[in-house]
1. So which residues in the range 43-80 are loosely packed, with under 10 Cβ neighbours inside 10 Å, modelled with pLDDT of 65 or more and of a type in the set (A, V, I, L, M, F, W, C)?
2. Restricting attention to the range 3-30, which residues are outside any loop (DSSP other than H, G, I, E, B) and in contact (Cβ under 8 Å) with a residue 24 or more places away in the chain?
3. Quick check, is Gly28 modelled with pLDDT of 90 or more and of a type in the set (Gly, Ala, Ser)?
4. So in the range 190-215, with the set limited to residues that are touching a residue at least 60 places away in the same chain (Cβ under 8 Å) and touching a helix residue (DSSP H, G or I) at 6+ places or on another chain (Cβ under 6 Å), which one is surrounded by the fewest Cβ atoms within 10 Å (Cβ to Cβ)?
5. Is there any pair linking a residue in the range 61-86 that is under 21 Å from Ile42 (Cβ atoms) to one that is modelled with pLDDT of 70 or more and of a type in the set (S, T, N, Q), with Cβ under 8 Å and at least six apart or on different chains, and which?
6. Looking only at residues in the range 95-120 that are surrounded by 10 or more Cβ atoms within 10 Å (Cβ to Cβ) and of a type in the set (A, V, I, L, M, F, W, C), which one is modelled with the lowest pLDDT?
Amino acid sequence: MNLTLKYKINDIRIVAPNQVSSLSIEKGRDLVTLVTCYPTGINNKRLLVTGERTALSKVTPQEDIQRNQFGYNFWVMFGSAFLMFLGLVYLLWLLFGRKRNLYHVAARKIEKPVLSDGQLVGDFGEGFYLTDSKKLAFQWLDEFAQKEKLNSEELFLNVYRLKRIKKLSRWIFKDKTENWQNYIKEKQGYGDEKHALVVGPAFTSDKKIMQYVLKTEEALGYIKYIKCLNINKLKKGGGIIDKK
């Protein structure tokens, strides 16, 4: 109506959503009530702020409104940003910071491996084979024991970690893709002299279980020896015979 009206707050109350009696018209009084959900984020009640009309002076004083700078919206945005930050840190840790143990089956402790120490033939051709799965490592252990006619309990799991492999020429299959299938089924790995490191799922294992093959002596310089596990003792709950 193009009018400027002034009301003075005379009542603040919190009520249930169905308690509307306080919003009723009162004869002879000019009232206005602001209604909002309460409490913030839960909203199962209503906050009512009622004011009664008062005279409007010719000169309206400048009123300072004191707002809470750290209200609901601030904490929602802050919490969301903080969770996103934690998610980003975790993702970066998964990609770059996680230290993953790799296992290699052998008849002895091998601190400084050479290609002749490894399982020379596998899914990815010739090379020094490792896996990030103890389950697959035990499968290799049984195969190695049968091949070399050894008692499996006399064998060892050497534990290593890969470090800073960006300088290596490598081919990494993150899943059982068509390229991965061709590389294995067509035995491309047997003539692969281009890649010093090949990583991908094991042919007969779950896709989350990865195997690593180092194809050159240079590539072997990028693995760090961690410890050696005795298979016999490992089955009994112990097993570390050497650790650096």
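1. Ala55, Phe70
2. Lys6, Tyr7, Lys8, Ile9, Asn10, Asp11, Ile12, Arg13, Ile14, Val15, Ser22, Leu23
3. yes
4. Filtering the range 190-215 for residues that are touching a residue at least 60 places away in the same chain (Cβ under 8 Å) and touching a helix residue (DSSP H, G or I) at 6+ places or on another chain (Cβ under 6 Å), the one surrounded by the fewest Cβ atoms within 10 Å (Cβ to Cβ) comes out as Phe203.
5. Gly71/Thr40; Tyr72/Thr40
6. Leu120
Every residue, every condition in (1) surrounded by 20 or more Cβ atoms within 10 Å (Cβ to Cβ); (2) of a type outside the set (A, V, I, L, M, F, W, C); (3) closer than 21 Å to Lys224 by Cα; (4) free of Cβ contacts under 8 Å to residues at least 24 places away in the same chain, yes or no:
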| position | (1), (2), (3), (4) |
| --- | --- |
| Phe128 | yes, no, yes, no |
| Asp132 | no, yes, yes, no |
| Ala137 | yes, no, yes, no |
| Leu150 | no, no, no, no |
| Glu154 | no, yes, no, no |
| Leu157 | yes, no, yes, no |
| Lys163 | no, yes, yes, no |
| Ile172 | no, no, yes, no |
| Thr177 | no, yes, no, yes |
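The values are calculated or read from the model by the stated rules, or taken from the named source; none is laboratory data. Bear in mind the structure is a predicted one, so any value in this text is a computation, not a measurement. Here the Cβ is made from the backbone with ideal geometry for all residues, glycine too, and neighbour counts use every protein chain on show.
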